[in-house]
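Notes follow once the structure below has been shown.
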Amino acid sequence: MKPSAFRFCPQCATPLEMQLRDEDGGPKDRLACPSCSFVHWNNPTPVLAAVIEYQGQILLARNAAWPGRLFALITGFMEAGETPQGGIAREVKEETNLDVDDLQLIGVYDFQRMNQLIVAYAVQASGTVSLSPELAEYKLYDPRDVKCWRAGTGYALADWLTARGHTPQFVDLPPPRAAQTADS
């Protein structure tokens, strides 16, 4: 699990410390403030992901901040006040300029290394691709040729392929460098 970035209490600025707390599910170590009642729960962050079907192919994109030439699903954080379905439609539009014509839930996947919970959708999209500055480039893949990775969104892509009668092929990604954020 990704370590918490919290070091000080946001209520009183006291340094946080690990405390064994009695909870409904039994004792659990939590980062908490010894001076006030603040507890940092460190719950997973919901992330949305889309397997985009566009013009009969799968659209994968490369984030401008990533080293190398890795292509992945369109992902993004859910915003307050939106549904997961609305959030993935917004992310697809923001990042690719494509309109979501239909979407179906693929599944929910844990990505503990980043302390995220990924909600993945199969998306039918139309329009003209125009990438946001966040993305450097995109590629279209025939479903038979796409490769899956052994991490959260890679498993979503594998499940999508399997549901459509394809046998997923996996590739091993290089280990993430400490100073870089990897794709979920």
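Collect the residues in segment 21-39 that are within 29 Å of the chain's Cα centre (by Cα) and closer than 20 Å to PRO10 by Cβ, keeping them in residue-number order. ASP29, ARG30, LEU31, ALA32, PHE38, VAL39, listed by residue number. Quick check: is even one residue across segment 16-30 in a loop (DSSP other than H, G, I, E, B), more than 30 Å from PHE170 (Cβ to Cβ) and either assigned by TED's automatic domain parsing to the domain that holds SER126 or touching a strand residue (DSSP E or B) at 6+ places or on another chain (Cβ under 9 Å) (or both)? Yes, segment 16-30 contains at least one residue that is in a loop (DSSP other than H, G, I, E, B), more than 30 Å from PHE170 (Cβ to Cβ) and either assigned by TED's automatic domain parsing to the domain that holds SER126 or touching a strand residue (DSSP E or B) at 6+ places or on another chain (Cβ under 9 Å) (or both).
For segment 146-181, the set of residues classified as out of contact with any strand residue (DSSP E or B) (no Cβ under 7 Å at 6 or more places or on another chain) and modelled with pLDDT under 95 consists of ASP172, PRO174, PRO175, PRO176, ARG177, ALA178, ALA179, GLN180, THR181, listed by residue number. Of the residues that make up segment 103-113, is at least one assigned by TED's automatic domain parsing to the domain that holds ALA156 and part of a loop (DSSP other than H, G, I, E, B)? The answer is no; no qualifying residue exists.
Tell me whether segment 14-31 contains one or more residues that are out of contact with any His (no Cβ under 9 Å at 6 or more places or on another chain) and under 23 Å from ALA151 (Cβ atoms). No - not one qualifying residue is present in segment 14-31.
When VAL119, VAL100, VAL123 are checked against the criterion of being closer than 13 Å to VAL51 by Cβ, buried (at least 16 other Cβ atoms within 10 Å of the Cβ) and either in contact with a Pro (Cβ under 6 Å, 6 or more places away or on another chain) or small (Gly, Ala, Ser) (or both), VAL119 stands alone in meeting it.
Pairing residues of segment 80-100 that are more than 18 Å from ARG62 (Cα to Cα) and free of Cβ contacts under 8 Å to residues at least 40 places away in the same chain with residues that are exposed (fewer than 14 other Cβ atoms within 10 Å of the Cβ) and among the polar types (S, T, N, Q), at Cβ distances under 8 Å and at least 6 apart in sequence or on separate chains, gives ASP99/SER126.
The values are calculated or read from the model by the stated rules, or taken from the named source; none is laboratory data. Remember, it's a predicted structure, so these values are computed and weren't measured experimentally. When we count neighbours, we look across all protein chains shown, and the Cβ atoms used for this are built from the backbone with ideal geometry, even at glycine.
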